[in-house]
1. Pick out, in residue order, every one of the trypsin sites (Lys or Arg not before Pro) in segment 111-196 that is DSSP loop and has at most 11 other C-beta atoms within 10 Å; say none if there are none.
2. Can you say what percent of the DSSP beta bridges in segment 128-222, counting only those with both residues inside, are antiparallel? Round to 5.
3. If I fit a long axis through the Cα atoms of helix 2-13 and take the longest principal axis of the Cα atoms of the chain, what angle between them do I get, 0 to 90°, rounded to 10?
4. What do you get for the angle between helix 55-72 and the principal long axis of the chain? Use alpha-carbon atoms, 0 to 90 degrees, nearest ten.
5. Residue by residue through segment 221-228, which ³J(HN,Hα) values in whole Hz follow from phi under the Karplus form 6.51 cos²θ - 1.76 cosθ + 1.60 (θ = phi - 60°), with glycine and proline marked x?
6. State, to one decimal in nm, how far the label point of Ser70 lies from the label point of His48, with both points 7 Å from Cα in the Cβ direction.
7. Which ³J(HN,Hα) values, rounded to whole Hz and listed in residue order, are derived for segment 190-195 from phi using the Karplus coefficients 6.51, -1.76 and 1.60 in 6.51 cos²θ - 1.76 cosθ + 1.60 with θ = phi - 60°, glycine and proline given as x?
8. Return the calculated 222 nm mean residue ellipticity for the chain, to the nearest 500 deg cm²/dmol, obtained by summing -39500 (n - 2.57) across DSSP H runs with n ≥ 4 and dividing by the residue count.
Amino acid sequence: MKKKLFSLMVLMLLPMGILLAADPVPPKGFRSIFNGKDLAGWYGWNPHSSIKLKDEKLEANLKKQKEEFSKTWKVEDGELVNGGDGPYATSAEEFGDIELLIEYKTVAKADSGIYLRGTPQVQIWDINQPSLEKAPDRNPNRGSGGLFNNTPKSKGRDPLVVADKPFGEWNSFRIKQVGAQTWVWLNEKLVVDNAVMENFWDRKMPLPAKGPIMLQTHGGEIRWRNIFVRDINAEEAKKLLGK
């Protein structure tokens, strides 16, 4: 009885954040790549600021970004949080053919996305922004989830439907990628159906066989949670590609 009372007293003295930040529980067949407690397994990298650098300049740039990461990203209530600036959250692990589950919540005028194999991107918009005549290929009001960095008017660049939830609510992505073929569901609605993700860095080259997952930050707060991955084996990949 005394042991039970002591345990109860210890729990009452613990900060609420510790009690609420339980380990993420992945669905069967998936594994968590964000522990909900700290930045372990992630580092800072914005490839746009370093892609043309070489040797010492590249090393210095990457070192600086890694140092900035812990200053611009934090873990809060089991969520990976960024205020809208700094390098992107980049997974230390690299992935090939996968199914990715991830949830996000953002704010007005923010612009974000998910880089697959280090390549942009499954787009996240503020869908309340109108289309503009001076930027005919930039249409946030068509919804999030499209492969925005593909060639304009190509398959998958704009989502099939608008599936975004209102600000303040969590959105959930399910993404499958086999080779360069990509499927995206946003809030259980299919928004990209078997479209090729182009290699933004060199469109003449195929998508890399492996690369990190990168969570973009750009212009406003973004929160991520429940980041789960399932590796797709060769047999399943063949079925998905119809081979």
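1. Details: sites: Arg117, Lys134, Arg138, Arg142, Lys153, Lys155, Arg157, Arg174, Lys176, Lys189; in loops: Arg117, Lys134, Arg138, Lys153, Lys155, Arg157.
Those that pass, being in a loop and sparsely packed, are Lys134, Lys153.
2. Details: 12 of 12 bridges.
Antiparallel bridges: around 100 percent, rounded to the nearest 5.
3. 50
4. Helix 55-72 and the main axis of the chain meet at about 50 degrees.
5. 3J(HN,Hα) across segment 221-228, in whole Hz: 4, 9, 10, 10, 7, 6, 9, 10.
6. 2.7
7. Calculated HN-Hα couplings, in order: 6, 10, 9, 10, 6, 10 Hz.
8. Numbers: 4 runs with 42 residues, N = 243.
Calculated from helices alone, the mean residue ellipticity at 222 nm is -5000 deg cm²/dmol.
Any read-out appearing in this document is the output of simple, stated calculations on the displayed coordinates, not a laboratory observation. The model shown is predicted, which means the values in this text are computed figures rather than measured ones. Here the Cβ is made from the backbone with ideal geometry for all residues, glycine too, and neighbour counts use every protein chain on show.
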